[in-house]
Structures are given as structure tokens and as C-alpha cells.
Amino acid sequence: MPRLKTELLREGMVVISDVKNLHDMLLIPTGAVLSERQIGILQAWGIGEVEVEHCAATDETDPIARLSPETREHLQQEIRNRFWEPDDSNPFFAEFSRLLLQRRASKVMVDS
């Protein structure tokens with residue numbers, strides 16, 4: 001279940017968990033098929049990421065999803081080796097690591 005930034009969302013993607021604002025108001029329910037209008041609403045509310053169902057459109061927008069399992073593992077290990085004591089339980093480190101992996105994945109796809 002990929003989490004995509006709202007700017008990467010596309011019409012037709014299916015939301016797999018309720019999307020709520022800071023006041024716990026439901027914006028998009030689980031199972032909703034996203035429309036351009038709904039994507040605009042999410043962006044207007046400042047929603048950063050949404051969990052969507054895995055689909056071909058997700059693979060096109062997420063460079064990590066296009067990596068082979070071996071390449072992904074290699075890049076993750078390469079990133080972990082750059083830190084003294086990587087802590088995957090720390091939300092900041094987990095997100096930072098994901099962003100680094102996404103950047104490396106984009107570079108690998110361009111180079112190949």
C-alpha cells in the first residue's frame with residue numbers, strides 16, 4: 001500500500017484509508033476513487049500524503065516501485081551504511097531514508 005504525495009496522485013486511484021484533516025473531519029473515505037476535484041481538495045487542505053491501492057499508475061509515479069527487489073535492497077543498505085546508528089523506528093529517519101531511496105531510485109532509472 002503505497003503512500004503518495006498529493007502532487008503525485010492521479011484521477012482514478014483508489015484511497016485505502018480514510019483521509020482526515022487536522023480537526024479529524026473526513027475529507028475522503030476509504031475506497032473512494034479519486035477525481036481531480038478531490039485531489040484539489042486534498043491539496044487545498046494541505047494534506048501531504050495519501051495511502052492508495054497499488055496500481056500501474058502508482059508504479060509510473062513512484063520510482064521506488066519500479067526497482068527490482070535486489071536493487072532496492074542494495075540501495076537501502078547503501079543508505080543505511082551512511083549513518084552511524086540508523087533507527088528505522090524513528091519517524092523522521094524513516095521518512096528521510098524513504099526520500100533518499102526515492103531520489104536514488106530516480107537516478108538509477110535515468111542512468112539505466
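The values are calculated or read from the model by the stated rules, or taken from the named source; none is laboratory data. Just so you know, these numbers come straight off a predicted model, no measurement behind them. Positions of Cβ are generated from backbone atoms using ideal geometry, with glycine treated the same way; all protein chains shown enter the neighbour counts.
Can you name the residue in the range 20-31 that is surrounded by 12 or more Cβ atoms within 10 Å (Cβ to Cβ) and not in a strand (DSSP E or B) and, of all such residues, is modelled with the lowest pLDDT? Please lay out each step first, then the result.
Of all residues in the range 20-31, those surrounded by 12 or more Cβ atoms within 10 Å (Cβ to Cβ) come to 20-21, 27-28, 30.
Add one more test, that the residue is not in a strand (DSSP E or B), and what stays is 21, 30.
Working: N21: 87, T30: 93.
In this case the residue turns out to be N21.
For the range 1-13, enumerate the residues that are outside any helix (DSSP H, G or I) and within 14 Å of the chain's Cα centre (by Cα).
M1, P2, R3, L4, K5, L9, R10, M13
Scan the range 80-91 and report the pairs whose first residue is within 15 Å of R104 (Cβ to Cβ) and whose second residue is acidic (D, E) and assigned to a loop (DSSP other than H, G, I, E, B), with Cβ atoms within less than 9 Å and a gap of 6+ or a chain change.
Filtered contacts from the range 80-91: R80/D88.
Wholly within the range 32-112, which helices (runs of 4 or more DSSP H) include no fewer than the required count, namely at least 2 residues that are modelled with pLDDT of 85 or more and not charged (D, E, K, R)? Give the derivation first.
Details: elements: 36-44, 56-61, 69-80, 91-111.
The qualifying helices (runs of 4 or more DSSP H) are 36-44, 69-80, 91-111.
Consider S17 carefully, then state whether it is in a loop (DSSP other than H, G, I, E, B), touching an Asp or Glu at 6+ places or on another chain (Cβ under 7 Å) and either under 15 Å from R3 (Cβ atoms) or without any contact (Cβ under 8 Å) to a residue 60 or more places away in the chain (or both).
yes
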